[in-house]
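S.K.: Take a look at the following structure, please.
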Amino acid sequence: MVNQQNYPNRTIWHIEGDEPVVQIIDQRWLPHELRIANLKTVDEVSIAISEMWVRGAPLIGATAAWGMYLAAFNLKNYHPSEFDSTINKAAEKLNRARPTAVNLQWAINNQLSNMKRFSSVNEKIEAAKNKAAVITEESVTRCKSIGVNGVTLLKELSQNKNGAPVNILTHCNAGWLACVEWGTATAPIYLAHKYKIPVHVWVDETRPRNQGARLTAWELGQANIPHTIIADNVGGHLMQHGMVDICIVGTDRTTRKGDVANKIGTYLKALAAKDNDIPFYVALPSSTIDWEMENGLEEIPIEIRNEEEVRKIKGKSGNSIEEILIVPEKSKAINYAFDITPHHLITGFITERGICKASEESLKKLFDK
Ligand code: MRU
């Protein structure tokens, strides 16, 4: 993706060799430091996902795919029957890393079913490597197509604004850091900027993880895209005062009926958008559709993370990165990581195949189901 300082242009890549290594941007240190981490085992991949060194549904999927390859590679001396039972255990463990993004189980299942087609251990390892590469590349092409389809909305809005910037509100980080390249919600924004359509982005998710404030702001800054960080509670106020033209967010899991799980607080943005007649779009690669699920509220597992992420806050002080307690020592907290936005609050989905309504009928039509 666009950057100013020769930073890596992807979030994940594989270095081939006698001992393969998967490298990732370790997102815990952004925006203050850009650190690269090496992953060599499926256990390390599991930790990187659960502790959010990598995060964002498409990137969780790509990382899990590489994790399955590392698991397979590290079983290279196993007998095929032993290989199968051990790889299944690795898959089960990896599957528990984070519950909400469907891309995790999607990538793992893809790897398992593909490896089953081969009988020798060497072939299985080779198949896992190729599949991980395909999943990674597909994430890039899907996101790029989301950009191409979504930029038409921004172009239309811009035509009615006489050169004034289109104000886009996005929640959390659904940018290239959450994917491999481009991002989902940000892909149309990057393209609009490239085509010289004036845009300005309101960036939120300031708690619990500050993903918008830390990550989306960093990304947009790298690409010289005008943006302003707002506290999570500000969105409704901006919408009431005509300061938001469109909301575009990402998704971790979308049911076939069109209910969306995304970073906690997305639902409140969608409610405010509905009340103020502002289009609310979800950028959606097909890898985040869960065709097995219908009702998001009843069926999508919502991750509850460690309460310390709410009780404490991390930031830069002088030259060091520190974590400080911001609540009374003994007060408890609860840390819901995602919420459900029901389909009736969503104007449409921007997918790699085009834009559609948030309904079972439209999704099925677009994806030939
Ligand atoms: O907890 P996170 O940072 O993994 O949550 C990420 C989001 O909610 C994103 O909006 C979502 O994964 C879509 S990413 C293109």
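Read the figures in this text as sums done on the coordinates, not as results from a lab. Because the structure is a prediction, the values reported are computed rather than measured. All Cβ positions, glycine included, derive from the backbone under ideal geometry; neighbour counts span all protein chains shown.
S.K.: Compute the acute angle (0 to 90°) between the alpha-carbon long axis of helix 102-116 and the principal axis of greatest extent of the alpha-carbon atoms of the chain; round to the nearest 10°.
M.R.: 30
S.K.: Helix-only estimate, please: 222 nm mean residue ellipticity of the chain, summing -39500 (n - 2.57) across DSSP H runs of length 4 or more and dividing by its residues, to the nearest 500.
M.R.: -12000 deg cm²/dmol
S.K.: Taking every DSSP beta bridge that has both residues in region 146-366, what percent is antiparallel when rounded to the nearest 5?
M.R.: Of those bridges, close to 45 percent are antiparallel.
S.K.: Straight-line reach from residue 144: which lysines have Cα under 18 Å away, leaving out those fewer than 8 places along the same chain?
M.R.: The reachable lysines, counting only those whose Cα sits under 18 Å from residue 144, are 155, 194, 196.
S.K.: Once amide H atoms are placed 1.01 Å from N in the peptide plane, what residues at a sequence separation of 5 or more from residue 265, or on another chain, have their amide H within under 5 Å of its amide H?
M.R.: Those qualifying (amide H under 5 Å, at least 5 residues apart or on another chain) are 339.
S.K.: Could you state the principal axis extents of the C-alpha atoms in region 146-366, from the largest down, to the nearest angstrom?
M.R.: Extents along the principal axes, in whole Å: 51, 42, 34.
S.K.: Each residue of region 241-249 in turn: what ³J(HN,Hα) in whole Hz from Karplus with 6.51, -1.76, 1.60 and θ = phi - 60°, glycine and Pro shown as x?
M.R.: 3J(HN,Hα) across region 241-249, in whole Hz: 9, x, 9, 10, 8, 7, 10, 9, 10.
S.K.: Do you know the relative contact order of region 12-138, to the nearest whole percent, from alpha carbon pairs under 8 angstrom that are 6+ apart?
M.R.: Across region 12-138, relative contact order equals 24 percent.
S.K.: Further, regarding this structure: Counting DSSP beta bridges in the chain, what percent are antiparallel, to the nearest 5? Let's see the in-between values first.
M.R.: Values: 26 of 46 bridges.
Approximately 55 percent, going by the DSSP bridge assignments.
S.K.: Rounded to whole Å, give me the distance from the Cα center of region 69-101 to that of region 196-271.
M.R.: Here the two parts' Cα centres lie 36 Å apart.
S.K.: Take every Cα pair under 8 Å in region 78-133 that's 6+ residues apart, average their separations, divide by the length, and report that relative contact order as a whole percent.
M.R.: Relative CO of region 78-133 lands at 36 percent.
S.K.: Using the Karplus curve 6.51 cos²θ - 1.76 cosθ + 1.60 with θ = phi - 60°, what ³J(HN,Hα) values do you get for each residue of region 123-139, in whole Hz, with x for Gly and Pro?
M.R.: 5, 5, 5, 4, 5, 5, 5, 5, 5, 4, 5, 5, 4, 5, 5, 4, 4
S.K.: A further question on this structure: Peptides 57-64, 138-145, 25-32: what's the order by average Cβ count within 10 Å, highest mean first?
M.R.: 57-64, 138-145, 25-32
S.K.: Shifting gears a bit: Counting pairs of alpha carbon atoms under 8 Å apart in space and at least six apart in sequence, what relative contact order in percent does the chain give?
M.R.: 16
S.K.: Related question: Ordered by packing density, taken as the mean number of other Cβ atoms within 10 Å over each peptide's residues, highest first, how do 208-216, 126-134 rank?
M.R.: Top to bottom by mean Cβ count within 10 Å: 208-216, 126-134.
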